[in-house]
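Structure, as C-alpha cells:
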2 protein chains.
Amino acid sequence: MGQTEISSLGEFGLIDRLTGGLVPKHHSTSLGVGDDAAVLEYPAETDILVTTDMLLENVHFDLTYVPLKHLGYKAAVVNFSDIYAMNGVPRQITVSLGVSKRFTVEHMEELYAGIRLACEIYGVDIIGGDTCASHQGLVISITCIGEAGRGNAVRRSGAKPTDIICVSGDLGAAYMGLQLLEREKIASAGRKDFEPDFAGKEYIVERQLKPEARRDVVEALAKAGIKPTSMMDISDGLSSELLHICKQSGVGCRVYEERIPIDYQTALMAEELNMNLVTAALNGGEDYELLFTIPLSAHDKISELPGVREIGYITEESKGCALVGRDGQSEIPLRAQGWNPLAEN
Amino acid sequence: MGQTEISSLGEFGLIDRLTGGLVPKHHSTSLGVGDDAAVLEYPAETDILVTTDMLLENVHFDLTYVPLKHLGYKAAVVNFSDIYAMNGVPRQITVSLGVSKRFTVEHMEELYAGIRLACEIYGVDIIGGDTCASHQGLVISITCIGEAGRGNAVRRSGAKPTDIICVSGDLGAAYMGLQLLEREKIASAGRKDFEPDFAGKEYIVERQLKPEARRDVVEALAKAGIKPTSMMDISDGLSSELLHICKQSGVGCRVYEERIPIDYQTALMAEELNMNLVTAALNGGEDYELLFTIPLSAHDKISELPGVREIGYITEESKGCALVGRDGQSEIPLRAQGWNPLAEN
C-alpha cells in the first residue's frame, strides 16, 4: 500500500478523498457533507436524539494493537449504542478528526473504512465533520443523531420499585479482552517476530476491538410490545450504570450475583489472569450491552426474548443499591468503580 | 481563586460541576444533559441543521494569550456562525472536552463560563457532551444543531450568473489581530513584567479573541425579504470561500479590490507589520462574516442594509474567478491561500 502524506492533499483534499462517493441513504438526510451545515428533514412527531463521544489516542485506544479500521468501526458503533439506549434508531453522524503527521492518507482511509462499514451495517449517513492537524496523535469526535417516535425515547429516570432489571448479552468480556491485549503487547515488546496467541480467546478479543450496538434487542423489545421504564447502555460497567439509573429514578436495587451473564471465555481469562470475575463483570466497562428496567407485568414476555437476562429488581430508594451474593442472603453495596480516566490520570 | 485538581472530582463530578444549573430554555429542547442522548422536539416543516468544529491546543489556539473564557466563547460562536451561514438559527450544542492534567477544575469552569455566556447571548441550549482525560493539552469539539423553515436553508450551490456578491462587516481584522498577539507574545518571552500595548488596536484584538456570529445580518435579510441564492461564513478567507461557492454552484466571479471592506485598524496594523493589506483581507481567515449572493433584482433592497457591502458579481463558469484591480481593468485569478493547517503542518 502506498503511503501518501496528508500535507500533499491539504484539508479539503483529504476530506474529498475520505468522503468521496458518500451518498446519503436515509430519507431524513436532505443535505450531507460539503456545506456549512448538513440539513435534515425529520417527520413531525419525531423525538430527535443527539449524543456525542470523544476518543483520544493512548487514553481510549492504543494503536499498538487496535487496527485503524476496527477503531473507526468502534468509534461509530459506541455512538449508535447510545441512541439505541434511548430506544431510538441512529440516522446520521458527524465525524471530526485531529490527525498528527505520523498518519498518512492511507491510514485515514482505513479509519474511515471502518466508520463507513459501521454506517452501512447500521443504516447511518455520514453528514459532515471536521478534519484538522493535531500535534499529538489521533483525536476522534463523533456526534450521532437519531430518532424515536414522539414520547418513545426511554430515559434513565423512569425506573419504579418492583420493576425487573434486565441486561442483554454478557458482561466483562470486553474488559478481559483488553487485559489479554495488554498482556500480549508487553510480551511482544521488542520482539519483531512475536505472534500473539488468541486461540480460544477470539470472543473476548472481538468484544474489545469490534463491539456491536444492540439494535436487535431494541427491535425485539418493540416487537414484543415492551417499553422499558428506563434504559442505558453499559459503557462504564454494570455497577456504575445501575447507580446512574437508581440515582436519576430515585430508587434502589438488588442484583443477584448468580444472575449476571458471563461468557465462558471471560471466566477462563479471569482465572488465567487471577482476577476476580464478578468484579470484571460489574466494573469492566465497554460491554455496550443494554441495561434496562421493565414493569413486573412484562416478566412473561421478557423471558421469551433470547439474549436478555433478568438480573434483579428495583426497590424503594431507602433500601440502597446492593449485590446479593450466591448464598441468596449476603448483600454488598454496589459501588461505581467503573473506568474513570479523569480520576486515574 | 482556588485550584482544584480534576482528578479529585472524577469525570462525573466535573460534568456535574460544569453543567450544574443548566436549564434548557428553547422549547425544542425536551431533554438536556444527563442521559445517553439528548431529546429534541422540533416542529414539523423544520429543516434541522447540524455542524461541528474541533479545536486543538497549539493548532487552533495558543493559551499564552487566549483567555480560557474567550476561548470557550469563540468555540461556541464559530459553530453558531455556521448555522447562520445556512440562513438558520442555532438552538443546541454538545460540548466534548479533552483535558490534560495541567488544567484544574477552575480552568474548566472559566472555559465553560465562556461557552455558557455565548449560549445565553445567542439563545442556545447546552444539551450534552463528553469530558475525558487528554495526554496532550486541550481538545474542544462542539456540535451545533439549529433550524430553518422547511426549504429556507441556504446552501453554497445556488449562485447564478449576474447575482451580486455581498459580504457583511469587514475583513482581515481577525488575522491582523492574530499577528499582533503573536508579536506581543514574542516580545514578552521571558519578561515577567511585560505589558502588551494594544492601545488603538482593540478592535483587531477583539476580532481575533472574541468574534461574533452575524445573527443580525441573517435577521436583517429576512426582514428585508431577501433570500440569498448562496451563503457561507468566512472562516478560511474570502478567496477560499468564494471559490467554494463558485465550484459548488458551477459559476465564476469578479470581485472588485476597491470594494473589499477593511477597517482602519486593520490597515494600520498591516502597514506597521509591512504586510500586504489585500492579501490579509482575502486570505486572512477567522472573520466569521457572511459571504452571500443575491439576485440582481435585490440590489435596491440590499443597499439599504447597514454593514453589508456589494463586492462583485457572479459570472458564467467559463469566465473563471478573478479579483479586479483598483484600475478597474487588471484581473488576478483568485486563489485559495486560506489557512490550511493540514498543509502547513
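The values are calculated or read from the model by the stated rules, or taken from the named source; none is laboratory data. Fair warning: this is a prediction, and the values are worked out from it, not measured in the lab. No Cβ is skipped: glycine too gets one built from the backbone with ideal geometry, and neighbour counts run over all protein chains shown. Accessible surface areas use protein heavy atoms only, side chains included; no ligands, DNA or RNA. Shrake-Rupley method; radii C 1.70, N 1.55, O 1.52, S 1.80 Å.
Out of all the residues in the range A:83-97, which are open to solvent by 20 Å² or more (accessible area, probe 1.4 Å) and either within 19 Å of A:A113 (Cα to Cα) or among the acidic types (D, E) (or both)?
Once the filter is applied, which keeps residues that are open to solvent by 20 Å² or more (accessible area, probe 1.4 Å) and either within 19 Å of A:A113 (Cα to Cα) or among the acidic types (D, E) (or both), the range A:83-97 yields only A:R91.
Say whether the condition of being within 27 Å of A:L14 (Cα to Cα) and either aliphatic (A, V, I, L, M) or within 14 Å of chain A (Cβ to nearest Cβ) (or both) is met by at least one residue in the range B:320-331.
yes
Test B:S96 against the criterion of being within 12 Å of chain A (Cβ to nearest Cβ) and either more than 20 Å from A:T94 (Cα to Cα) or in a strand (DSSP E or B) (or both), and give yes or no.
Criteria met by B:S96.
Please go through the range A:59-68 and give me each residue that is surrounded by fewer than 19 Cβ atoms within 10 Å (Cβ to Cβ) and either within 7 Å of chain B (Cβ to nearest Cβ) or more than 23 Å from B:L138 (Cα to Cα) (or both), ordered by number.
Selection gives A:T64, A:Y65, A:V66, A:P67.
If I ask for residues that are closer than 18 Å to B:D287 by Cβ, of a type in the set (D, E, K, R), open to solvent by less than 80 Å² (accessible area, probe 1.4 Å) and in contact with a strand residue (DSSP E or B) (Cβ under 8 Å, 6 or more places away or on another chain), which ones from the range B:249-271 would you list?
Selection gives B:E257 alone.
Within the group B:Y288, B:Y264, which residue is closer than 27 Å to B:A75 by Cα, touching a Ser or Thr at 6+ places or on another chain (Cβ under 8 Å) and of a type in the set (S, T, Y)?
The conditions single out B:Y288.
Residue under question is A:G10, and the condition is that it be at pLDDT below 85, open to solvent by less than 60 Å² (accessible area, probe 1.4 Å) and facing chain B (nearest Cβ under 7 Å); does it hold?
yes
So which residues in the range B:111-161 are among the hydroxyl-bearing types (S, T, Y) and under 26 Å from B:D216 (Cα atoms), if there are any at all?
Selection gives B:Y112, B:Y122, B:S141, B:T143, B:S157.
Go through the range A:175-210 and give me each residue that's outside any loop (DSSP other than H, G, I, E, B), in contact (Cβ under 8 Å) with a residue 60 or more places away in the chain and either at positive phi or of a type in the set (A, V, I, L, M, F, W, C) (or both).
Once the filter is applied, which keeps residues that are outside any loop (DSSP other than H, G, I, E, B), in contact (Cβ under 8 Å) with a residue 60 or more places away in the chain and either at positive phi or of a type in the set (A, V, I, L, M, F, W, C) (or both), the range A:175-210 yields A:M176, A:L178, A:L180, A:L181, A:I204, A:L209.
Listed here are the residues, each with its yes/no results for (1) of a type in the set (S, T, N, Q); (2) away from chain A (no Cβ under 11 Å).
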residue	(1), (2)
B:P90	no, no
B:E106	no, yes
B:R116	no, yes
B:I121	no, yes
B:A148	no, no
B:N152	yes, no
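Among the candidates A:L71, A:L56, which residue alone is more than 8 Å from chain B (Cβ to nearest Cβ), among the hydrophobic types (A, V, I, L, M, F, W, C) and closer than 19 Å to A:I142 by Cβ?
Every option except A:L71 fails the conditions.
Taking the condition of being part of a loop (DSSP other than H, G, I, E, B) and β-branched (V, I, T), how many residues in the range A:211-234 meet it?
Qualifying residue count for the region: 3.
Go through the range B:150-188 and count every residue that is surrounded by fewer than 17 Cβ atoms within 10 Å (Cβ to Cβ) and closer than 15 Å to B:I226 by Cβ.
Here the count works out to 2.
Could you check how many residues of the range A:76-86 are within 12 Å of chain B (Cβ to nearest Cβ) and over 23 Å from B:E147 (Cβ atoms)?
Qualifying residue count, the range A:76-86: 5.
Are there any pairs with C-beta distances below 7 angstrom linking a residue in the range A:300-314 that is at positive phi to a residue that is modelled with pLDDT under 90 and not hydrophobic (A, V, I, L, M, F, W, C), with the two at least 6 apart or on different chains, and if so which?
Listed by first residue and then by second, the contacts come to nothing, as the list is empty.
Restricting to the range A:63-93, name every residue that is out of contact with any Asp or Glu (no Cβ under 8 Å at 6 or more places or on another chain) and not in a helix (DSSP H, G or I).
A:T64, A:V66, A:N87, A:P90
Of all residues in the range A:123-141 being in contact with a Pro (Cβ under 6 Å, 6 or more places away or on another chain) and more than 7 Å from chain B (Cβ to nearest Cβ), which is surrounded by the most Cβ atoms within 10 Å (Cβ to Cβ)?
So the residue we want is A:V124.
If A:S28 satisfies every condition in (1) more than 8 Å from every other protein chain (Cβ to nearest Cβ); (2) among the polar types (S, T, N, Q); (3) under 21 Å from A:L14 (Cβ atoms) but one, which is the exception?
Result: A:S28 passes all but (3).
Taking the conditions exactly as written (within 14 Å of another protein chain (Cβ to nearest Cβ), open to solvent by less than 10 Å² (accessible area, probe 1.4 Å) and at pLDDT 95 or above), does A:I245 satisfy them or not?
For A:I245, the condition - within 14 Å of another protein chain (Cβ to nearest Cβ), open to solvent by less than 10 Å² (accessible area, probe 1.4 Å) and at pLDDT 95 or above - is met.
Please work out if B:C119 is part of a helix (DSSP H, G or I) and of a type outside the set (V, I, T).
Yes: the conditions hold for B:C119.
Which ones in the range A:1-20 are among the acidic types (D, E) and either out of contact with any strand residue (DSSP E or B) (no Cβ under 7 Å at 6 or more places or on another chain) or not in a helix (DSSP H, G or I) (or both)?
A:E5, A:D16
Quick test of your reading of the structure: B:S168 fulfils all but one of (1) small (G, A, S); (2) farther than 30 Å from B:G250 by Cα; (3) away from chain A (no Cβ under 12 Å). Name the failing condition by number.
With (1) small (G, A, S); (2) farther than 30 Å from B:G250 by Cα; (3) away from chain A (no Cβ under 12 Å) applied to B:S168, the lone miss is (2).
For the range A:21-55, what are the residues that are charged (D, E, K, R), open to solvent by less than 30 Å² (accessible area, probe 1.4 Å) and not in a loop (DSSP other than H, G, I, E, B)?
A:D47
Between A:L181, A:L171, which is touching a Pro at 6+ places or on another chain (Cβ under 9 Å), at pLDDT 95 or above and not small (G, A, S)?
Only one candidate passes the filter, namely A:L171.
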